Amino acid sequence: MPARGQHNRARTTRRPLTLPRTLAITGTAAAALAFPFLTATTASAAPSSVSSVSSVSSVTNYANNLDGWIRESLDVMAQNGIPGTYDGIYRNIIRESSGNPYAINNWDSNAAAGTPSKGLLQVIDPTFAAYHVPGTSYDPYDPIANITAACNYAAARYGSIDNVYGAY
């Protein structure tokens, strides 16, 4: 009797795999990965005037959720000298929008004046534009742009987002 989880199948001699058979067996995902390597042998080197990414380690993958948005924002903030901590940003986001990047306040005095607060940290458009951080989106609903602009504003007004404990 075979061990648990093993199939009781007769062994057959394996044929060498050809590229078409390999791709058919492994599926289109493998094909998508294999084709750049197959064509790379015939491609010529890029001209020296073409620039490439300077460091693979500088590219970081962030989760597309509140944790990832805060972490990416902190990296952008560090590059731009904007103070703030994960805890300070998180605390303010939860109070302002409960973590909803599409939150909009249509009922306060800003909204009554025609400029509702938007995004994770509830920034009005004029404040977002004034404190926008270069290299981020110009969309106030973009989580990274919203967080970094709000933290830039909080740094100018209160020293850091960490010093904000209420509406600002």
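The values are calculated or read from the model by the stated rules, or taken from the named source; none is laboratory data. In this text, all values refer to a predicted model and were calculated from it rather than measured experimentally. Using ideal geometry, Cβ is built from the backbone for each residue, glycine included, and neighbour counts are taken over all protein chains shown. Calculation scope for accessible area: heavy atoms of the full protein, side chains included, ligands and nucleic acids excluded. Shrake-Rupley method; radii C 1.70, N 1.55, O 1.52, S 1.80 Å.
Within segment 116-168, being under 21 Å from ALA63 (Cα atoms), assigned to a helix (DSSP H, G or I) and either open to solvent by 30 Å² or more (accessible area, probe 1.4 Å) or of a type outside the set (A, V, I, L, M) (or both) holds for PRO143, ASN146, THR148, CYS151.
Take segment 74-124 and flag every residue that is β-branched (Val, Ile, Thr) and free of Cβ contacts under 8 Å to residues at least 12 places away in the same chain. Hits for segment 74-124 are ILE94, THR115. Selection within segment 139-162: residues that are over 19 Å from the mean Cα position of the chain (by Cα) and without any contact (Cβ under 8 Å) to a residue 12 or more places away in the chain. The member of this set that is nearest to GLY88 (Cα to Cα) is TYR158.
Among the candidates SER57, SER51, the residue that is over 17 Å from ALA145 (Cβ atoms), part of a helix (DSSP H, G or I) and at pLDDT below 95 is uniquely SER57.
Checking each residue in segment 96-115 for being part of a loop (DSSP other than H, G, I, E, B), loosely packed, with under 14 Cβ neighbours inside 10 Å and among the small types (Gly, Ala, Ser) picks out SER98, ALA113, GLY114.
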